[in-house]
1. Can you give me the number of residues within segment 25-76 that are part of a helix (DSSP H, G or I) and touching a residue at least 12 places away in the same chain (Cβ under 8 Å)?
2. For segment 135-159, enumerate the residues that are more than 19 Å from residue 62 (Cα to Cα) and outside any strand (DSSP E or B).
3. I want to confirm something. Restricting to segment 81-104 and keeping residues that are more than 19 Å from residue 41 (Cβ to Cβ) and touching a helix residue (DSSP H, G or I) at 6+ places or on another chain (Cβ under 7 Å), which single residue is surrounded by the most Cβ atoms within 10 Å (Cβ to Cβ)?
4. How about segment 113-159: which of its residues are surrounded by fewer than 18 Cβ atoms within 10 Å (Cβ to Cβ) and within 20 Å of residue 94 (Cβ to Cβ)?
5. Among the residues of segment 43-80, write down those that are over 11 Å from the mean Cα position of the chain (by Cα), within 19 Å of residue 116 (Cα to Cα) and crowded, with 18+ Cβ neighbours inside 10 Å.
C-alpha cells in the first residue's frame, strides 16, 4: 500500500491536471500501482465522462479499468469484455466498459459507440485506437516499459 502522503500528492496532481488541462505522466512499477493511479483518477470523474484507453496487448488496460472501478465502489468482478464487446458495472456511477479488441478498424468505426456512452455514468473504451481520435473526455495511454513497469500518460480533454 502506498503511504497516505503519496496518495494525497497524487490526488492533488490529478485534480490540478483537470483544471489545467495538461498531460500527466506516471511510472507504474507493478499492477497494484497501475490500479492505484486509476483509483485516484476515479475520484475526479463525473457523470457523462468518457475514458479512451490506448495500449498494446498486455499493457494493463484492463488492470487500469479494475482500479477505476475500485475507485468508483464497484463490488463486481471486473474482467475484459472482449467477447461481448461491452459490460456494465454498478458502483457510485454505472460504468460501461467497452472493449474493441475483437473488432477490426472498419467494424469498430461502424459500431454505434454512442449507444454505449452513458450520460449519467462513466464510459471506458479499451482499444480506442480502433475508432476515431478522441477530441473530448480523458485519454489514457499505457506503454510497456518492461515485464512489470508501465508508463501511463493521462490527458484530460474535458471542458
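Bear in mind that the values in this text are calculations on the coordinates, not laboratory data. Here the structure is a predicted model, which means the values were calculated and not measured. Every residue, glycine among them, receives a Cβ derived from its backbone with ideal geometry; neighbour counts consider all protein chains shown.
1. Count: 22.
2. 135, 136, 157, 158, 159
3. This residue is 100.
4. 114, 115, 116, 117, 118, 119, 120, 136, 158
5. Hits for segment 43-80 are 72, 74, 78.
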